[in-house]
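Shown next, in structure tokens, is the structure this report addresses.
The values are calculated or read from the model by the stated rules, or taken from the named source; none is laboratory data. Small disclaimer: the values here were computed from a predicted structure and weren't measured. Here the Cβ is made from the backbone with ideal geometry for all residues, glycine too, and neighbour counts use every protein chain on show. Just so you know, the surface numbers come from the protein's heavy atoms only, side chains and all, with ligands and any DNA or RNA stripped out. Shrake-Rupley method; radii C 1.70, N 1.55, O 1.52, S 1.80 Å.
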Amino acid sequence: MTVWRRVEQVMGMPISIALRGRHAGDVVGETAWAVVLHELREVDRVFSTYRPDSHVSRLGRGEITLGDCPPEVAEVLGLGEAARLESAGAFDVRRRDAGGRVLLDPSGVVKGWAVQRASAALDRLEDTDYCLSAGGDLVCRVVDPDVPDWQIGIEDPRDPARLVARIPVRRGAVATSGLQHRGGHIVDARTGAVPSGVASVTVVADDLTWADIDATAAFAQGSGALDWLQTRPRRSGVVVREDGTAEVFATA
């Protein structure tokens with residue numbers, strides 16, 4: 001089956017699409033892809049911590065209030081607070097810089113939430129499978145029972161040319177957190193320290209919002225990542241330890 005693929009840089013990362021089926025490469029499929037990109041660019045305009053004029057940047061500096069922001073900002077901050085509570089504080093959208101100032105950084109929520117939200121445009125494509133990827137985190141759908149699942153490769157954090165697992169996904173999301181591509185950008189919010197004992201965490205869930213949050217929250221807990229993930233309902237995935245050991249998990 002022919003697969004139509006495109007990739008664009010949005011939100012500081014590659015956003016790619018693979019379509020197969022009825023609307024792969026036709027004007028309806030291309031229009032849905034354009035809608036996805038437009039929605040992600042709008043999210044970047046509101047939430048980017050790198051744009052001084054974004055709502056989140058201005059909110060963090062105290063120039064505006066939450067009531068001055070689009071309602072999506074309150075939604076994302078609410079998800080961040082839920083994640084903080086459920087991870088016992090390991091995940092937090094507020095962090096301290098080297099000078100002790102509290103910074104607002106909802107990036108750990110925004111990517112998965114935004115891509116899951118944008119994928120609604122692809123859900124409306126009849127008889128069409130899709131795999132939407134944002135920097136390696138994915139939302140997938142297969143509609144034809146006779147068509148095989150998407151096969152998602154999980155790279156070895158110590159050797160990106162090698163895979164530690166291949167995960168079949170029919171409908172759902174996959175998110176991976178680790179330090180191999182962006183350095184020490186994930187910390188345990190309780191201590192401010194970069195986690196140790198774990199090299200990467202991959203979570204498979206029904207939607208990318210919580211797959212991404214859980215992967216990041218688990219990674220932030222270092223050697224405790226697997227124990228915490230085993231308390232999360234309807235999750236599966238792979239935890240790769242610093243020594244290269246890969247441990248597969250699945251919960252009811």
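In loop segments of the range 33-116 as defined by DSSP, the chymotrypsin sites (Phe, Trp or Tyr not before Pro) with at most 16 further C-beta atoms inside 10 Å of their C-beta are 50. Largest GNM mean-square fluctuation across 64, 15, 152, computed for the chain with C-alpha springs under 10 Å, falls on 64.
Spin-label model, residue 127 to residue 35: label points 7 Å out along the Cα-to-beta-carbon direction sit 1.9 nm apart.
In the elastic network of the chain, a GNM with C-alpha springs shorter than 10 Å, the most mobile of 218, 120, 24 is 120. Backbone phi angles across the range 163-177, fed through the Karplus curve with coefficients 6.51, -1.76 and 1.60 (θ = phi - 60°), yield HN-Hα couplings of 9, 9, 6, 10, 10, x, 10, 9, 8, x, 9, 10, 9, 10, 10 Hz in residue order; Gly and Pro are listed as x. Computed with a 1.4 Å probe over protein heavy atoms only, the accessible surface of the chain comes to 48 Å² per residue. Ellipticity at 222 nm from helices only: DSSP H runs of n ≥ 4 in the chain, each -39500 (n - 2.57), divided by the residue count, give -9000 deg cm²/dmol.
Scanning the chain for GluC sites (Glu not before Pro) that sit in a DSSP loop and have at most 12 other Cβ atoms within 10 Å, the longest stretch containing none of them is 127-252.
Would you rank 241, 117, 84, 101 by solvent-accessible area, highest first, keeping every protein chain in place and using a 1.4 Å probe?
Values: 241 50, 117 100, 84 75, 101 160 Å².
Largest accessible area first, the list is 101, 117, 84, 241.
Couplings 3J(HN,Hα) of the range 58-66, computed from phi: 5, 5, x, 7, x, 7, 9, 9, 4 Hz, in residue order, whole Hz [Karplus 6.51 cos²θ - 1.76 cosθ + 1.60, θ = phi - 60°; x for Gly and Pro].
Between residue 193 and residue 246, the modelled label-to-label distance comes to 2.9 nm, taking each label 7 Å out from Cα in the direction of the beta carbon.
Projected label points at residue 3 and residue 66, each 7 Å from Cα along the beta carbon direction, are separated by 4.2 nanometres. Please give the Cα centre distance for the range 114-193 versus the range 32-89, rounded to the nearest Å. A separation of 21 Å, based on Cα centres. Measuring with a 1.4 angstrom probe and ignoring ligands and nucleic acids, residue 146 comes out at about 140 Å² accessible.
Counting only protein heavy atoms, what percent of the accessible surface of the chain is carbon or sulfur at a 1.4 Å probe?
Values: 5890 of 12020 Å².
Looking at the chain in its full context, I get 49 percent from C and S.
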